[in-house]
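Novice: Here you go, one structure.
The values are calculated or read from the model by the stated rules, or taken from the named source; none is laboratory data. Values in this document were obtained by computation on a predicted structure and should not be read as measured data. Every residue, glycine among them, receives a Cβ derived from its backbone with ideal geometry; neighbour counts consider all protein chains shown. The area values use the complete protein model at the heavy-atom level, side chains included, leaving out ligands, DNA and RNA. Shrake-Rupley method; radii C 1.70, N 1.55, O 1.52, S 1.80 Å.
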Amino acid sequence: SYPTSPRFSDMTLGALFRAFTYDQTSMRVLVLGEVTWGDNARSYTISAHRLRSLLGTIDDGFDQGVEMTLAQPGYGPDDRFYDGTGWFNVIVGCNTLAASALRRACFTTGWWNPLPQSLLFSLDLHN
């Protein structure tokens, strides 16, 4: 859904139905460059073991298939979508999947994080 629908106005009924019920995951990668620490960035110190666990979980999320490159308005020139492994829907969305990956790296998060704000709040609260 997301690689073909960068704006809500681009979303088809079929893509919307799949997003609510069951759709193939994709991995969005954004090249950030230098990060300025502030309200929208978090910094954590983790062990080498926890970092390997987190990176392994991220790597496992990529299907080793073909890259899907975006060239649509609404996403910047540094975005790329890759085929992912697994599925998502409106209940188990990207923030809930990200929280699960962080928990596998020994972070504490809320169980259900439907929004980015809920994931950041649970990281701030527990870590």
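Novice: I'd like the distance between the alpha-carbon centres of segment 82-126 and segment 20-50, rounded to an integer number of Å.
Specialist: Taking the Cα centre of each part, segment 82-126 and segment 20-50 sit 11 Å apart.
Novice: With every protein chain left in place, what is the accessible area per residue of the chain in square angstrom, probe 1.4 Å?
Specialist: Computed with neighbouring chains in place, this is 69 Å² per residue.
Novice: Something else about it: In what sequence, largest accessible area first, do L120, L125 appear using a 1.4 Å probe?
Specialist: L125, L120
Novice: When a/c reaches 1.5 or more, the comparison of a/b and b/c decides; with that in mind, is segment 28-68 rounded, prolate or oblate per its Cα gyration tensor?
Specialist: oblate
Novice: Relative to the longest principal axis of the C-alpha atoms of the chain, give the angle of the C-alpha long axis of helix 94-104, reported between 0 and 90° and rounded to the nearest 10°.
Specialist: 30 degrees
Novice: Calculate how steeply helix 116-126 sits against the longest principal axis of the alpha-carbon atoms of the chain, using the helix alpha-carbon long axis, and give the answer as 0 to 90 degrees to the nearest 10.
Specialist: Compared with the principal axis, the helix lies near 10 degrees.
Novice: Let me ask another. Quick one: with all protein chains in place, what share of the accessible area of segment 22-127 is carbon or sulfur, to the nearest percent (1.4 Å probe)? The partial results should precede the final answer.
Specialist: Numbers: 4310 of 7230 Å².
Here carbon and sulfur together make up 60 percent of the probe-accessible area.
Novice: Run the quick spin-label model on L51 and D10: label points 7 Å from Cα toward the beta carbon, then report their separation in nm to one decimal.
Specialist: Between L51 and D10, the simple spin-label model gives 3.5 nm.
Novice: Would you mind listing how long the chain runs along its three principal axes, going by Cα atoms, in whole Å with the largest first?
Specialist: 42, 31, 31
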